[in-house]
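The values are calculated or read from the model by the stated rules, or taken from the named source; none is laboratory data. Since the model is a prediction, treat every value here as computed from it, not as a measurement. Cβ atoms come from the backbone with ideal geometry, glycine included; neighbour counts cover every protein chain shown.
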Amino acid sequence: MMRGQPEFSVAAYTTTGPSCSAMTRKRTVIISTEVTCYIGRGACDLAALPVDPLILGFGDIGEPAVGVMAPRALDAEAHDDLVILAINRAACQRLFGLVPKRGGRWYLPADLRGVGRAVVAVEGDGEAATLLRTARSLELLCQLFAALKAGRMVEAHGTTTLSEREIALVAAAHELVLEGWQDKLTVDGIARRFGLGKAKLTRGFRELYQCTVAEAVSERRLENARQLLAQSDLPVAVVGYRSGYTSNASFTRAFARRFGMAPTELRRRANDRQGAA
């Protein structure tokens, strides 16, 4: 086995006995010293957690969301997540090249929900059942990170009334705003491009991103302006124009509302930092 790779083992158990009182315990599948999966309802065996764990909770699998949990969230005597995956953060970075942010939450595509349900559906306590749980848990973990890296995971900030197809279309519309903010974008034009009604697109932006389409465009323009002010010597008026503002006054007002200071003040501070470096 290559050095630095996790040593996978087939070991699973359900903690019982006097030390557990009468509480129900989730099934614990120790995949390696760096990866543990908890399956079912009830409390988690915290002794089986990897060191410095990233903890991913999959809810009841029917809900289209997966989120990064704090370790203290596992202290509850009963936890509703039917599948919880815990992986050492350093191993996560080594294996997948990224570590999701704390508190992150994403809508779960239907194919990943299917894998999650397959993890829970395994019956029996024999070695073959344990091996199958281990394989499916690893499949869920690997497919989740593949989806994150491919940009298939839409970040969730709350509940949504959208279908999975509509979530994907609104996410594509949001990506268009991020990439094509310099174009003349309109709500009607974006809605037609992605086959969504204007009301559906507007509601989707509010539910998924807590903003309107116009606010998303404005945020992208102002972020571009902030970068230009900090990293170039372009006149403030030119920065505003390149960021989509035809009036220096409207640019200054919008910038001050967003960042709490005028563009000239941000540039002065940036220059002061560079001079002190």
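The rows are residues; the columns are (1) basic (K, R); (2) in contact with a Lys or Arg (Cβ under 6 Å, 6 or more places away or on another chain); (3) modelled with pLDDT of 85 or more.
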{"residue": "V10", "(1), (2), (3)": "no, no, no"}
{"residue": "S32", "(1), (2), (3)": "no, no, yes"}
{"residue": "L82", "(1), (2), (3)": "no, no, yes"}
{"residue": "R102", "(1), (2), (3)": "yes, no, no"}
Please tell me if G116 is modelled with pLDDT of 90 or more and under 20 Å from R25 (Cβ atoms).
-> yes
Test set (1) touching a helix residue (DSSP H, G or I) at 6+ places or on another chain (Cβ under 7 Å); (2) under 27 Å from T161 (Cα atoms) - W106 fails condition number | (1)
So L169, is it within 24 Å of the chain's Cα centre (by Cα), farther than 18 Å from R220 by Cα, crowded, with 18+ Cβ neighbours inside 10 Å and outside the structural domain of I87 (by TED's automatic domain parsing) = yes
What are the residues in region 187-215 that are of a type in the set (A, V, I, L, M, F, W, C) and either farther than 26 Å from A256 by Cα or buried (at least 20 other Cβ atoms within 10 Å of the Cβ) (or both), if any?
-> I190, A191, F194, L196, A199, L201, F205, L208, V213
Among L144, L140, L176, L131, which is the only one that is assigned to a helix (DSSP H, G or I), assigned by TED's automatic domain parsing to the domain that holds F194 and either free of Cβ contacts under 8 Å to residues at least 40 places away in the same chain or closer than 25 Å to C37 by Cβ (or both)?
-> L176
Any hit, region 184-200, residues being farther than 25 Å from D111 by Cβ, touching a helix residue (DSSP H, G or I) at 6+ places or on another chain (Cβ under 8 Å), free of Cβ contacts under 8 Å to residues at least 60 places away in the same chain and part of a loop (DSSP other than H, G, I, E, B) | yes
Only one of these is part of a loop (DSSP other than H, G, I, E, B), assigned by TED's automatic domain parsing to the domain that holds V29 and not hydroxyl-bearing (S, T, Y): V119, V99, V115. Name it.
-> V99
Looking across region 119-153 at residues that are within 21 Å of K26 (Cβ to Cβ) and touching a Gly at 6+ places or on another chain (Cβ under 8 Å), the single one that is surrounded by the fewest Cβ atoms within 10 Å (Cβ to Cβ) is V120
Could you identify the single residue in E63, E77 that is at pLDDT below 90, farther than 19 Å from V154 by Cβ and in a loop (DSSP other than H, G, I, E, B)?
-> E77
